[in-house]
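The values are calculated or read from the model by the stated rules, or taken from the named source; none is laboratory data. These numbers were taken from a predicted model, which means no experiment stands behind them. Cβ placement follows ideal geometry from the backbone for every residue including glycine, while neighbour counts extend to all protein chains displayed. Accessible surface areas use protein heavy atoms only, side chains included; no ligands, DNA or RNA. Shrake-Rupley method; radii C 1.70, N 1.55, O 1.52, S 1.80 Å.
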Number of protein chains: 2
Amino acid sequence: MPTTEVISNRKQEIIEKATALFQKQGYSATSMRDLASFIGMEAASLYSHIKSKEELLQIICFNMADKLFEPVKNIASENLSADEKLRKFVLSHVKVLTNDTASSAVFFSEWRHLSEPYLSDFLKMRDQYEGIFIKVLIEGNRTGIFKFLDAKFTVLALLSSINWLPSWYKKDGQLSPEEIAENVTDVFINGLKVRN
Amino acid sequence: MPTTEVISNRKQEIIEKATALFQKQGYSATSMRDLASFIGMEAASLYSHIKSKEELLQIICFNMADKLFEPVKNIASENLSADEKLRKFVLSHVKVLTNDTASSAVFFSEWRHLSEPYLSDFLKMRDQYEGIFIKVLIEGNRTGIFKFLDAKFTVLALLSSINWLPSWYKKDGQLSPEEIAENVTDVFINGLKVRN
DNA sequence: CCTACCGATCGGTAGG
DNA sequence: CCTACCGATCGGTAGG
């Protein structure tokens, strides 16, 4: 998955069109003939650019994983309080998702069709990503900023309260990524209830 | 979808096994031959009990929709404050999900493979369900209990912060449905931050 | 509930 | 990037 390989413009186009179809129909329900006719070529011709249907899914999933992972790793190493870190995590996460909703949607709902060893690698990365969030929650609990019953449970709830975004967000909608992130962190960190 | 039809034990078994496979492999990636061999019969024999592969998906999806909808409709008509109502909504939602995680998982991630007019009916029910939640949030905002930027956005975030549960919850795990609901409402309604 | 079978479609390859 | 084609598998039906 470390894609050191050069990706041609044509291959890039195939990936983009595949992403759109995988999002709309699902990976399994999308045939290579669907993809070919959507691009305007014969199905057999796709194979001069890609090795297999699954290669497309691998590229989409691991590319998104990298885009999510890197900024969060950087924020984690900054010298910030736990709640400031969590806010920045959420903003970063939201920005990556809203920046490419199609890839994000495929990433979240089609990864299970990866075959081994890609599936295991993918799950390992996901665990690491969640681990960064969990660590900050625990840190915040230690310093008396956060309260919660179970750190992992809370992180999964937090992340999934954001991860429906790709299936909903429109770039021409009224909410910017920043407003969405603010909304999520406000509700999740500060709560829905008016403080009294 | 109003299933007035009597469902035989054998059909019930087919539905349950189909649910398990749809959850594990996805609807499109599950063949009728997969299902048949999982049950221990020939693929052709399935069709003396069901009309089509999609009928199985229809039954699973609309059955779950009913199970979610009914209790929430009842709670909505009770004479409670907005935050009490929301708490009861969440508890009901969590209970239905944890009670049948396999059906819930299929319900949440495979509904898009429904054909018309089932797809439109399904989306209509989903909108109505979300509408009940939205109404309570707006009510709570009017009575000064809740604050939020956008009611629909907040409801979608709330529901999706719960809807990952089916893919995670184990009946023999340490958290009961009540504890999960408590956890979700505590964080979501009261916030993660310690009040000061 | 089975055997036998249908036409359609699948991911992918050979060879140019 | 195309034509031609492969074996495998798909959802489903006929007939018993």
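Going by the conditions given, is B:V72 under 30 Å from B:T143 (Cβ atoms) and in contact with a Pro (Cβ under 9 Å, 6 or more places away or on another chain)? Judged against the criteria, B:V72 is not a match.
Among the residues of segment B:28-45, how many are of a type in the set (A, V, I, L, M, F, W, C), more than 8 Å from DNA strand C (Cβ to nearest atom) and open to solvent by less than 60 Å² (accessible area, probe 1.4 Å)? Walk me through it before giving the result.
Within segment B:28-45, the subset of a type in the set (A, V, I, L, M, F, W, C) is B:29, B:32, B:35-36, B:38-39, B:41, B:43-44.
Remaining after also requiring more than 8 Å from DNA strand C (Cβ to nearest atom): B:29, B:32, B:35, B:38.
Those left that are additionally open to solvent by less than 60 Å² (accessible area, probe 1.4 Å): B:29, B:32, B:35.
Going through segment B:28-45 one residue at a time, the tally reaches 3.
The conditions of being open to solvent by less than 20 Å² (accessible area, probe 1.4 Å), in a helix (DSSP H, G or I), touching a helix residue (DSSP H, G or I) at 6+ places or on another chain (Cβ under 6 Å) and in contact (Cβ under 8 Å) with a residue 24 or more places away in the chain are not met by B:L91. Consider segment A:37-74 and keep the residues that are more than 22 Å from A:V94 (Cα to Cα) and of a type in the set (F, W, Y). The one that is farthest from the chain's Cα centre (by Cα) is A:Y47.
Can you go through A:A151, A:A102 and tell me which one is closer than 25 Å to B:E110 by Cα and open to solvent by less than 50 Å² (accessible area, probe 1.4 Å)?
On the way: A:A151 fails: closer than 25 Å to B:E110 by Cα.
Exactly one of A:A151, A:A102 is closer than 25 Å to B:E110 by Cα and open to solvent by less than 50 Å² (accessible area, probe 1.4 Å), namely A:A102.
For the structure I just gave you, tell me whether B:G140 is farther than 20 Å from A:L156 by Cα and either surrounded by fewer than 16 Cβ atoms within 10 Å (Cβ to Cβ) or more than 14 Å from the chain's Cα centre (by Cα) (or both). Before the answer, list the steps.
Details: farther than 20 Å from A:L156 by Cα: yes; either surrounded by fewer than 16 Cβ atoms within 10 Å (Cβ to Cβ) or more than 14 Å from the chain's Cα centre (by Cα) (or both): yes.
In short, yes.
Going by the structure shown, is B:K85 within 16 Å of DNA strand C (Cβ to nearest atom) and either within 14 Å of another protein chain (Cβ to nearest Cβ) or open to solvent by less than 10 Å² (accessible area, probe 1.4 Å) (or both)? Full working, then the answer.
Details: within 16 Å of DNA strand C (Cβ to nearest atom): no; either within 14 Å of another protein chain (Cβ to nearest Cβ) or open to solvent by less than 10 Å² (accessible area, probe 1.4 Å) (or both): yes.
Criteria not met by B:K85.
Each residue in segment A:83-118 was checked for being of a type in the set (D, E) and under 13 Å from the mean Cα position of the chain (by Cα), and 2 of them qualify. A single entry from A:L119, A:L159 fulfils the requirement of being in contact (Cβ under 8 Å) with a residue 24 or more places away in the chain and out of contact with any Leu (no Cβ under 8 Å at 6 or more places or on another chain): A:L159. Only one of these is at pLDDT 95 or above and open to solvent by less than 10 Å² (accessible area, probe 1.4 Å): A:L97, A:L80. Name it. Answer to the selection: A:L97. Which one of these is open to solvent by less than 60 Å² (accessible area, probe 1.4 Å), within 16 Å of DNA strand C (Cβ to nearest atom) and more than 12 Å from chain A (Cβ to nearest Cβ): B:I75, B:I50, B:I60? Criteria check complete, one pass: B:I50.
For segment B:177-189, a residue qualifies if it is without any contact (Cβ under 8 Å) to a residue 12 or more places away in the chain and surrounded by fewer than 17 Cβ atoms within 10 Å (Cβ to Cβ), and exactly one does: B:E179. Filtered by the rule that a residue be modelled with pLDDT of 95 or more and of a type in the set (K, R), segment B:141-178 gives a lone residue, B:R142. The lone criterion from (1) open to solvent by 30 Å² or more (accessible area, probe 1.4 Å); (2) within 11 Å of DNA strand D (Cβ to nearest atom); (3) within 13 Å of chain A (Cβ to nearest Cβ) left unmet by B:Q23 is number (2). Pairs are defined by a Cβ separation below 7 Å, a sequence spacing of at least 6 or placement on different chains, a first member in segment A:22-46 that is touching a residue at least 40 places away in the same chain (Cβ under 8 Å) and under 22 Å from A:I7 (Cα atoms), and a second member that is assigned to a loop (DSSP other than H, G, I, E, B) and open to solvent by 40 Å² or more (accessible area, probe 1.4 Å); no pair meets this definition.
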